[in-house]
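Each remark here refers to the structure printed beneath this line.
What follows is calculated from the coordinates using simple rules that are stated; it is not laboratory data. All values reported here derive from a predicted model rather than from experimental measurement. Using ideal geometry, Cβ is built from the backbone for each residue, glycine included, and neighbour counts are taken over all protein chains shown.
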Amino acid sequence: MKLEELLDFEEIVIQCHDDPDADAVASGFALLEYLKSQGKAARLTYAGPRPISKSNLLLMIETLQIPLEYVQTLDHAPELLITADCQDGQGNVSSLPRRALAVIDHHQTADPEKLPPLQEIRSAYGACSTVVWDMLRQTDFPLRRRLSTALYYGLYMDTNRFQDLSHPMDKDMRDSLKIDRDVLLRLQNTNLSLEEISIAGQALSNLHCSAERRFAVAEVQPCDPNILGIVSDMLLEVDAVDVCAAYCMLPGGAKFSLRSCLPEIRADKLAQWIAQDLGSGGGHLTKAGGFLPRGPLEEACADRDWDGLSGAAGRLIYRRTAEYFDDQIVLRAGEYQLQPDMALYRKKKLVVGYAAAAELFPAGTEILVRMLEGDAELEVTPDLCIMIGVEGEIYPNRMENLRRNYDLLPGAYAIESEYPPTVYDTATGEAKLLAACARPCVAKETALIRAKRLDRRAKVYAQWDPDRPMLGQTGDWLACRADDPGDLYIIKGSIFEKTYEKQEE
């Protein structure tokens, strides 16, 4: 979706999620500024059980002059309702009347078929602010310092002060925005009130920890739900905690916030696991949250009255987190025995790409490859090449291996990717697009594999890197070379289905 498509409507309401955070406020503010610049009658709103009380958000709204309205409902249905940093129907969004709906978000989508035609969802982004920023870049809209500061702060807060920054587009926005540093400094130092730090301190002093699995659960007094995120961020900084949950009891049920620094424990999947059959949960790889409504929670903890339900809710979150840790298999190359249900597959004759690193920078240059999967730092050698897969995924290889497994083709290779892979000279900052020297190649027909679809999460220690595991989610594929069952690895589900075809035995 392009922002210009929203201009077909005159009366537009932008809705942030309930208990909005800095990212929701910033992305909604950016949409409001754009629509008003185009002469549209637009409003920025949020609903839910309570108005904003967090000190940093109140300061952000006042200092940056953001006209955010708290509403219980709308007096009539506008032509278009845009949900920013959220999706209609989720547990953290109160329903507002509308005649048409648009969604702009960066969270995972539980049911893509329920999304409206007008939607822009980029789940790999660290903040919705980045989604809106990139959409604005495709127009002639000028980004003034006040709006740039809001977008920067939205990304800053939603990526745990840039500690969870990974997507290259997030990094591009951070590096390019011209912001008011004085305002940013005030916002950074107004994150907690005295009352809120007291609430956080009490929660941190009453932890329930699993030393074996390295996770912790903390109960927080009823508070602004944004405090839960702060408590869980603090918990994750404890040296004995890799995964954590902070929760509080509200009149309608239990709200919880999750953090994870383990790649094999996705926070969004854990939130869904905790909330299954009870409520709603979702988010991102490293941070997520959810809500357990009072009715289902009372049934799940039927032996507790509502006054004593807080402890029971904490035990439920703790128990389900422990179960999620245990719901995975761990496999090591060389020790794995070939299973009868691993069928024979051959790689399809699909054209992929490669680029010789020495054509971009001289041998010996330290380079940074910025890509969807993260930043990779490499040293250019005559033999180093960079592969480009069917989904635009990037990974290093050696020319010797490339020639052994692929037929090299003439011409240029067009990279189809959400983000154009960029290579930087780390010493000078000079940037070059990988597409500048990308060429096509196609897999030879000699390689056969055996594979099966995973029905649970898996951690696989491959032959080429026995210390760092490959991680597979449900729906990915466990594979090994047909002539070497010990050469075990994971293939992402969407990539497997595009690149492999089943063979007769």
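Please determine, in degrees from 0 to 90 and to the nearest 10, the orientation of helix 128-137 with respect to the longest principal axis defined by the Cα atoms of the chain, where the helix direction is its Cα long axis.
The helix 128-137 is inclined about 70 degrees to the chain.
Assuming a viscosity of 0.890 mPa s and a temperature of 25 °C, what translational diffusion coefficient in µm² per second does Stokes-Einstein assign to the range 381-505, Rh being the Kirkwood radius over Cα pairs?
148 µm²/s
Taking the Cα atoms only, what angle lies between the long axis of helix 226-236 and the longest principal axis of the chain, rounded to 10 degrees?
Relative to the chain, helix 226-236 is tipped by roughly 40 degrees.
Divide by every residue of the chain the summed helix terms, -39500 (n - 2.57) for each DSSP H run of at least 4, and state the resulting mean residue ellipticity at 222 nm, rounded to the nearest 500 deg cm²/dmol.
Value at 222 nm, helices only: -8000 deg cm²/dmol.
Explain nothing, just the number: dipole magnitude of the range 1-150 about its Cα centre with +1 on each Lys and Arg Cβ and -1 on each Asp and Glu Cβ, in debye rounded to the nearest 20.
Dipole size: approximately 400 debye.
Just from the alpha-carbon atoms, what are the Rg and Dmax of the chain in angstroms?
Rg and Dmax of the chain, Cα atoms, are 24.6, 72 Å.
How far is helix 22-37 tilted, in degrees, relative to the longest principal axis of the Cα atoms in the chain, given as a value from 0 to 90 rounded to the nearest 10?
90 degrees
With unit charges on the beta carbon (Lys/Arg positive, Asp/Glu negative), name the residue among 52, 72, 14 whose Cα is farthest towards the positive pole of the charge dipole of the range 1-144.
The residue sitting farthest along the positive end of the dipole is 52.
Give, rounded to the nearest 20 debye, the magnitude of the charge dipole that the chain has about its Cα centre when Lys and Arg contribute +1 at Cβ and Asp and Glu contribute -1 at Cβ.
440 debye
Can you give the FRET efficiency to the nearest 0.05 for residue 455 and residue 363, using r as the Cβ-Cβ distance and R₀ = 56 Å?
Step by step, r from the Cβ atoms, then E = 0.75.
What span do the alpha-carbon atoms of the range 1-122 cover on each of the three principal axes, reported in whole Å from largest to smallest?
37, 34, 29
May I ask you to compute the full-extension gain from residue 414 to residue 175, defined as 0.36 nm times their residue separation minus their alpha-carbon distance, rounded to one decimal in nm?
83.3 nm
When the Kirkwood radius is taken over all Cα pairs of the range 149-212, what Stokes-Einstein diffusion coefficient follows at 25 °C and 0.890 mPa s, in µm²/s?
This corresponds to a translational diffusion coefficient of 174 µm²/s.
Would you work out the relative contact order for the chain, in percent, from Cα pairs under 8 angstrom that are 6 or more residues apart?
Reported relative contact order: 10 percent.
Based on C-alpha coordinates, I'd like the Rg and Dmax of the range 399-441, in Å.
Both quantities, over Cα of the range 399-441: 12.9, 35 Å.
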